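Below: the structure, in structure tokens.
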Amino acid sequence: MSRIHEALKRAEEEKIAQVRVETAEPRPASVPEIEQPAARVHATETAVALAGNGFALETLTFEGLAGRCQQPAWNPDTKTMLFFRKDNHQYDAEIFRTLRSRLYRARDNGSLRKLLVTSTLPGEGKSFIAANLAQVIAQQHGRRALLVDADLRAPRLHAVLGAPQTPGLAEFLRGEADEATAIQKGPHNDLFCLPSGNLPANPVELISNGRLTRLLDRMASIFDWVIVDSPPMVPVSDASLLANLCDGVLLVVKAAATPFDLAQKARAEFGDTPVVGVVLNGVRRGSGYGAEYYSYYGYPSEEHKG
């Protein structure tokens, strides 16, 4: 009877031991204890890289961004992009150099890195002015310019640059692309472009979601100028919102076309953001405006749309 009792006891002990083995937390014997902190560090680094829905939280440098940006082949429209021409010492190009000098003087009076370029109505040449201003800045040795197409309704910058439209600003604002994926590096000099991307159904909501504010601030810390092309002022409210994110506004008006009252109305929409200049576009030499417009304002003499 004792032998039966002992056999039953051993069977019960073996059963209990088996249950303990099956319910214990598995621990891979092949992973040394010293490797676990490294694994935790890697997970933390991954979390940092993804934090902010596409924002890299590490210190941003120009070299780091430039090394990660796309560099697609551009096929610029040389009728519009003056500084992609071999003869870029012509009259219009020299006028943009004058405009560049005047903006640097305006910067001496305060902080001016993020510049909004807009107009009162469509077709007054704002994209032409923005594109060539960014080019002429990047022509200077050691100067870096980022051209941002924030016209999410009728973008033109990708067309005049002959550059891909996507991915771009819209994808970045939706969190579908990071800054390095959306920004393109030009073929020469330090000219970069952030195209519009695929046009959204809700431009105002995207512009207002906070991501553009952080992006422009980060870009202003590594570029000499961030030139932002926006929709015209009067038809939509986008430009007013964008002006609040910039340090100054360059207003483009078209000679003998822009109604004075509309230009005044547009000016009133900028709020506290200063208008650092007004570009009179479409003036031709020999017109009734007189030579003083060329010598003082230094504005383009040919008509361009944008």
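Taken together, the values in this text are just the output of simple stated rules run on the coordinates, not laboratory data. Here the structure is a predicted model, which means the values were calculated and not measured. Neighbour counts run over all protein chains shown; Cβ positions are idealised from the backbone, glycine included.
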Report the local net charge at N109: Lys and Arg +1, Asp and Glu -1, summed over other residues whose C-beta lies under 15 Å from its C-beta. +2
If you average the alpha carbon positions of the stretch 252-275 and of the stretch 152-223, how far apart do those two centres end up, in angstrom? 25
For the stretch 166-229 the GluC sites (Glu not before Pro) that pass both the DSSP coil test and the at-most-16 other-Cβ-within-10 Å test are E176
The answer for R144, listing residues at least 5 apart or on another chain whose modeled amide H is closer than 5 Å to its amide H, is D224, W225
Rounded to the nearest 0.05, what FRET efficiency do S208 and A268 have when you use their Cβ-Cβ distance and R0 = 22 Å? 0.60
Relative contact order computed over the stretch 61-297 (Cα-Cα under 8 Å; 6+ residues apart), in percent: 27
Radius, Kirkwood style, for the stretch 171-229 when every pair of distinct Cα atoms is counted (Å): 12.5
Where q = 0.33 Å⁻¹, what log10 of I(q)/I(0) comes from the Debye formula for the stretch 126-168, counting one point per Cα? -1.24
Taking the Cα atoms of the stretch 61-297, what is the range of coordinates along each of the three principal axes, in descending order and whole Å? 50, 39, 33
